[in-house]
Amino acid sequence: MRADEEGDIRKLLMSTTTALDPQVLAREVIAKVGSLATLPEVTARILRTVEDPRSSASQLHRIVSHDPALVTRILKVVNSAFYGLPGQIASIERAIVLLGLNAVKNLAVAASLGQLFRGNVTLCGEFTPKDLWSHCVGVGVAARGLARLTKLPVADEAFLAGMVHDVGLVVHLQVTPEKLKEVCERSLAGEADFCELERQVIGVDHQEMGRALAAHWKFPRTCQMAAGYHHRPDALGEDGHILVNLVHIADVLCCQEHVGFDLTARDQAIGAASLKAVGLDAASVEEFRKTLGPLIKDVAPVVG
C-alpha cells in the first residue's frame with residue numbers, strides 16, 4: 001500500500017470511527033485502498049465472464065489457460081478426493097464438462113485469491129496471513145461438505161462463499177496491523193467477543209469490511225452476505241440466505257477445531273436458527289465434525 005493511501009485511511013479511522021456508520025466507514029476505507037481493492041486481473045475476468053449469460057466454457061478456458069500456475073492448482077483440486085471423480089482429469093475443458101462452468105469458476109477464483117494472503121507480518125502470536133488463508137480454505141471445504149450433507153444444491157457456491165468470508169481481515173491487516181494485533185491479543189485474553197473488540201479498537205469489524213470489499217469486487221451477492229453476516233446470520237431475519245447459515249456453521253466448526261486462524265469464532269456457538277435454516281441438527285453436525293479434518297487436509301495443500 002502506498003504511504004499516502006495508508007495515511008489517509010489511518011486519519012479516516014482515527015477521526016470518524018465513533019461518528020460514522022460502520023457500513024459507510026467500510027465503504028470509504030475500501031474506496032481509499034487502491035492497491036488492495038484491485039482484484040487480481042485473472043479473477044476479475046473470470047467473474048465477469050461467468051456472470052455474463054452469453055459466456056461459454058471455451059471463453060473461461062481461454063482466460064484460465066493464460067495462467068499455467070492457476071491451471072495446475074485447479075486440476076489438483078479437481079483430481080483430489082474433494083470431488084472423487086473417476087480417473088484423472090488432464091484439462092480444464094474436461095473439468096468444465098464434468099463439473100460445470102460455475103464449479104470451475106469458483107475453483108479458479110478461490111485458487112487465485114490465495115495470493116492476497118501472503119506476507120511475513122504476523123496477526124498476533126504465531127498466526128500469519130497463511131493461517132488466515134488456511135482457515136478460509138477450511139471454511140470453504142466445510143461449507144461445501146455441509147451443503148452436500150443436506151443435499152442443498154449450493155455446494156459450489158458454498159465453497160466460494162466460505163473462501164471469501166474472512167476477506168475483511170485482509171483489509172485490517174493491510175490498513176491497521178497494529179490495531180488488529182491489539183484485537184487479537186485482547187481476544188486471546190478473553191476480554192470480549194472478537195467482532196466487538198474490532199468495533200471498539202478499529203471502528204468497524206471484519207464483516208462490514210469484507211462485505212464492502214466483496215461488493216467492490218462485484219462478487220455474487222451471496223458472497224457479499226456471507227462476508228458481512230457470517231457471525232450474525234440472525235440479523236438477516238427470516239430472509240437470511242442458506243449460504244450465510246452454512247458459512248456460519250462451517251466457520252464456528254473450523255474455529256472450534258483450530259483450523260488456521262481461529263480467534264474470530266472460537267467461543268461462538270452454532271445458532272439453533274442456522275441449523276434449522278439448513279435442515280441440520282446438532283447430532284448430524286457432530287458426525288460431520290469427525291470427517292472435517294481429512295476433508296481439509298486433502299484440499300488445503302493444493303488450493304493454498
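The values are calculated or read from the model by the stated rules, or taken from the named source; none is laboratory data. All figures in this text were calculated on a predicted structure; none of them were measured in a lab. For neighbour counting, all protein chains shown are included, and Cβ atoms are generated from backbone atoms with ideal geometry for every residue, glycine included. Calculation scope for accessible area: heavy atoms of the full protein, side chains included, ligands and nucleic acids excluded. Shrake-Rupley method; radii C 1.70, N 1.55, O 1.52, S 1.80 Å.
Do we have any residue at all in the stretch 184-191 that's in contact with a strand residue (DSSP E or B) (Cβ under 6 Å, 6 or more places away or on another chain) and buried (at least 17 other Cβ atoms within 10 Å of the Cβ)? There is at least one residue in the stretch 184-191 that is in contact with a strand residue (DSSP E or B) (Cβ under 6 Å, 6 or more places away or on another chain) and buried (at least 17 other Cβ atoms within 10 Å of the Cβ).
Yes or no, residue by residue, for (1) of a type in the set (Lys, Arg); (2) out of contact with any Ser or Thr (no Cβ under 8 Å at 6 or more places or on another chain); (3) without any contact (Cβ under 8 Å) to a residue 24 or more places away in the chain; (4) closer than 30 Å to Lys181 by Cα:
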| site | (1), (2), (3), (4) |
| --- | --- |
| Leu85 | no, yes, yes, no |
| Ile92 | no, no, no, no |
| Ala103 | no, yes, no, no |
| Gly114 | no, yes, no, yes |
| Thr122 | no, no, no, yes |
| Phe127 | no, yes, no, yes |
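Residues in the stretch 209-255 that are acidic (Asp, Glu) and over 13 Å from the mean Cα position of the chain (by Cα): Asp234, Glu238, Asp239. Picking from residues in the stretch 56-112 that are among the hydroxyl-bearing types (Ser, Thr, Tyr) and within 24 Å of the chain's Cα centre (by Cα), the one that is surrounded by the fewest Cβ atoms within 10 Å (Cβ to Cβ) is Thr72. Please verify whether the stretch 89-108 includes one or more residues that are of a type in the set (A, V, I, L, M) and under 18 Å from Gly260 (Cα atoms). No, because not a single residue in the stretch 89-108 is of a type in the set (A, V, I, L, M) and under 18 Å from Gly260 (Cα atoms).
Taking Val302, is it open to solvent by 10 Å² or more (accessible area, probe 1.4 Å) and either at pLDDT 85 or above or among the β-branched types (Val, Ile, Thr) (or both)? Yes: the conditions hold for Val302.
Residues in the stretch 42-55 that are at pLDDT 80 or above and exposed (fewer than 15 other Cβ atoms within 10 Å of the Cβ): Arg48, Asp52, Pro53, Arg54. Scanning the stretch 198-253 for residues that are acidic (Asp, Glu) and open to solvent by 10 Å² or more (accessible area, probe 1.4 Å) gives Glu208, Asp234, Glu238, Asp239. Looking across Arg73, Arg118, one residue alone is in a loop (DSSP other than H, G, I, E, B) and on the phi < 0 side of the Ramachandran plot. It is Arg118.
Considering only residues in the stretch 238-282 that are more than 17 Å from Val164 (Cα to Cα) and among the polar types (S, T, N, Q), the one that is modelled with the highest pLDDT turns out to be Gln256.
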